[in-house]
1. So how exposed is Y70, as accessible area in Å² (1.4 Å probe, rounded to 10)?
2. Can you sort H85, H19 by solvent-accessible area, 1.4 Å probe, largest first?
3. Sorted by accessible area with a 1.4 angstrom probe, largest first, how do M107, M99, M182 fall?
4. Which of the pairs K59/K150; K119/K150; K60/K150 have their Cα atoms more than 19 Å apart in this structure?
5. What lysines does K15 reach when the alpha-carbon gap must be under 28 Å and sequence neighbours fewer than 8 apart in one chain are set aside?
6. Taking 0.36 nm per residue of separation and subtracting the Cα-Cα distance, what length does fully extending R71 through I147 add?
7. Give a quick list of trypsin sites (Lys or Arg not before Pro) in the range 86-180 that DSSP marks as loop, anything other than H, G, I, E or B, with at most 14 other Cβ atoms within 10 Å.
8. Measure off 7 Å from each Cα along the Cα-to-Cβ vector at A168 and K15, then give the distance between these two points in nanometres to one decimal.
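The values are calculated or read from the model by the stated rules, or taken from the named source; none is laboratory data. Remember, predicted model here, so these are calculated numbers, not experimental data. FYI the Cβ positions are ideal-geometry reconstructions off the backbone, even for glycines, and counts take in every protein chain you see. What goes into the accessible areas is simple: the full protein's heavy atoms, side chains included, and nothing from ligands, DNA or RNA. Shrake-Rupley method; radii C 1.70, N 1.55, O 1.52, S 1.80 Å.
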Amino acid sequence: MIVFGFWAYPQLPDKVPSHWNILGQVDGWSSRPFAVFFFMVLIFGIYLLLLFLPYLDPKKENYAKFEKAYRNIRFLIVGFMILIHFVTLLIGLGYQLDMVRIMQVFMGLLFVLLGNFLKGVKQNWFVGIRLPWTLENEGNWNKTHEIGSKGFILAGLATMLGFFLPTAWGFILMLISIAAVML
């Protein structure tokens, strides 16, 4: 990310696309330094936060029970953000890429993989489906994550199916899928 950002920086225009509407049209811009360097710092900050979050958790001893799942979730989230940053800079460089369709695939894949890892997450205060009844009862936590895992996978698959629909409909399907699994 750093190498690509420094390589792309001098080639980027002063204004870089940073937000797209439901039709895939650019409706938000950021400055070249913001587009390159802010997101590098933000992604690195999120990585550090995810790295040290277990030390702040009152249930920190449980992280040893799902160390592999947490590591995968951490890298998945950071990797997803790096991919979005990479695609944003490519669009800023003039490559004709459809950000909405790319997001449908990336978000769908993110949800499928998160769903796969979610079932292995043990009780904690920062990762997973954290509700009063899941935090108070390990049985509720396990059952909620078993069902939630399937929901995330289904939402991810539905989101990826949106790739084959007209842009606006695919975007709406993505939002509905994500909202459904959150509910």
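1. Accessible area, nearest 10 Å²: 10 Å².
2. Numbers: H85 15, H19 100 Å².
Final ranking, largest accessible area leading: H19, H85.
3. Values: M107 35, M99 10, M182 120 Å².
The ranking, largest first, comes out as M182, M107, M99.
4. Numbers: K59/K150 25 Å; K119/K150 9 Å; K60/K150 26 Å.
As for pairs spanning more than 19 Å Cα to Cα, those are K59/K150; K60/K150.
5. Cross-link targets: none qualify.
6. Numbers: separation 76, 0.36 × 76 = 27.36 nm, distance 2.15 nm.
Using 0.36 nm per residue and subtracting the Cα-Cα distance, I get 25.2 nm.
7. Passing sites in the range 86-180 are R130.
8. Rounded to a tenth, the inter-label distance reads 2.4 nm.
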